[in-house]
Ligand SMILES: C[S@@+](CC[C@H](N)C(=O)[O-])C[C@H]1O[C@@H](n2cnc3c(N)ncnc32)[C@H](O)[C@@H]1O
């Protein structure tokens, strides 16, 4: 689900790696220096800035320049957990090295990016979900296919007495299906106001407004202790990061269903697993745990 960024993955030693999204960029005449860490609630898209977050366990060096003919490269170093900001509605080019291999990408204005490790533990730059400094970026928005939503709820043995929380609810599809198909009450939490707006509109269309609630909130600051079922489609490292919070808030016996990513540290709590091919033609994993 990590959204690898696009266009040019030029490697000095080898070839291009896979392309998953496409971006359109534009240019303007601005300086390349990142702004100081700005107000906590800054919104990447509204400010048309590029943000680069370091979600790895090491300090990273990279070079960056405006995507203009003749623009100068600037060397940058980003500490673990830090965010660099490049305001000014301008596309940029970035280059970084890992184990002697150089990779370069074009970055689009108004887009958050995160340095993360890929499945081979190599450094990569991915599209993120937001550039806010006061909240972790737990995963970009990628909706769970409907066949997977259906299976996740079936594996949770959901019924009308349940209270489901979807942590990072996206367009609200899991919350809405829980209410529509099982009569359960359900809450969706997402930091992105656009997702919350979509979720509310979708709930209205499905006629389940009375059973559901959507909260624009950071998951790490949310109270979901009343949940009897928790669903998540985040990332492996985000599940790991949230584990102490889940352990603190959830009552014993609560189901935790995670799409595609296992919960490191909860091996003894795993009660189910399936892999299925969904309408997108891809194989999806569902991990079921009981707190
Ligand atoms: C992969 S999507 C999953 C959407 C939905 N649960 C589904 O399965 O279709 C992850 C969602 O997490 C949200 N998100 C990322 N970091 C977050 C945070 N710190 N607090 C709340 N939501 C966050 C993103 O905005 C995005 O909508």
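The values are calculated or read from the model by the stated rules, or taken from the named source; none is laboratory data. Every value quoted in this text rests on a predicted model; they were computed, and no experiment measured them. Cβ placement follows ideal geometry from the backbone for every residue including glycine, while neighbour counts extend to all protein chains displayed.
Could you please find all residues in the range 128-146 being part of a loop (DSSP other than H, G, I, E, B) and more than 6 Å from the ligand (Cβ to nearest atom)? Please lay out each step first, then the result.
From the range 128-146, those part of a loop (DSSP other than H, G, I, E, B) are 128-145; that's our starting set.
Matches in the range 128-146: 128, 130, 131, 132, 133, 134, 140, 145.
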Just to be sure, is residue 110 part of a loop (DSSP other than H, G, I, E, B), touching a helix residue (DSSP H, G or I) at 6+ places or on another chain (Cβ under 6 Å) and either in contact (Cβ under 8 Å) with a residue 12 or more places away in the chain or surrounded by 23 or more Cβ atoms within 10 Å (Cβ to Cβ) (or both)?
yes
Of everything in the range 223-240 that's crowded, with 16+ Cβ neighbours inside 10 Å and over 18 Å from residue 265 (Cβ atoms), which residue is farthest from the ligand (Cβ to nearest atom)?
228
Flag if residue 171 is surrounded by fewer than 22 Cβ atoms within 10 Å (Cβ to Cβ), in contact (Cβ under 8 Å) with a residue 12 or more places away in the chain and within 14 Å of the ligand (Cβ to nearest atom)
yes
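Of everything in the range 212-226, what is part of a loop (DSSP other than H, G, I, E, B) and either in contact with a helix residue (DSSP H, G or I) (Cβ under 8 Å, 6 or more places away or on another chain) or outside the structural domain of residue 150 (by TED's automatic domain parsing) (or both)? Give them in sequence order.
Quick first cut of the range 212-226, residues part of a loop (DSSP other than H, G, I, E, B) only: 217-218, 222-226.
Correct list: 223, 224, 225.
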Which count do you get for residues in the range 241-268 that are crowded, with 16+ Cβ neighbours inside 10 Å and in a helix (DSSP H, G or I)?
4
Among the residues of the range 117-129 satisfying the criterion of being surrounded by fewer than 21 Cβ atoms within 10 Å (Cβ to Cβ) and touching a strand residue (DSSP E or B) at 6+ places or on another chain (Cβ under 9 Å), which is nearest to residue 55 (Cα to Cα)?
117
Report whether or not residue 163 is over 13 Å from the mean Cα position of the chain (by Cα) and within 15 Å of the ligand (Cβ to nearest atom).
no
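Being on the phi > 0 side of the Ramachandran plot, in contact with a helix residue (DSSP H, G or I) (Cβ under 8 Å, 6 or more places away or on another chain), modelled with pLDDT of 95 or more and assigned by TED's automatic domain parsing to the domain that holds residue 245: is that true of residue 172 here?
Numbers: on the phi > 0 side of the Ramachandran plot: yes; in contact with a helix residue (DSSP H, G or I) (Cβ under 8 Å, 6 or more places away or on another chain): yes; modelled with pLDDT of 95 or more: yes; assigned by TED's automatic domain parsing to the domain that holds residue 245: yes.
The answer is yes for residue 172.
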Examine the range 265-272 for a residue that is assigned by TED's automatic domain parsing to the domain that holds residue 168, at pLDDT 95 or above and within 18 Å of residue 173 (Cβ to Cβ), and state whether such a residue exists.
no
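Quickly run through the range 147-160 and pick out the residues that are within 11 Å of the ligand (Cβ to nearest atom) and out of contact with any strand residue (DSSP E or B) (no Cβ under 8 Å at 6 or more places or on another chain). Give the derivation first.
Step one: filter the range 147-160 for residues within 11 Å of the ligand (Cβ to nearest atom), giving 148-149, 152.
Selection gives 149 alone.
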Looking at this structure, is residue 219 within 9 Å of the ligand (Cβ to nearest atom), at negative phi and in contact with a strand residue (DSSP E or B) (Cβ under 8 Å, 6 or more places away or on another chain)?
yes
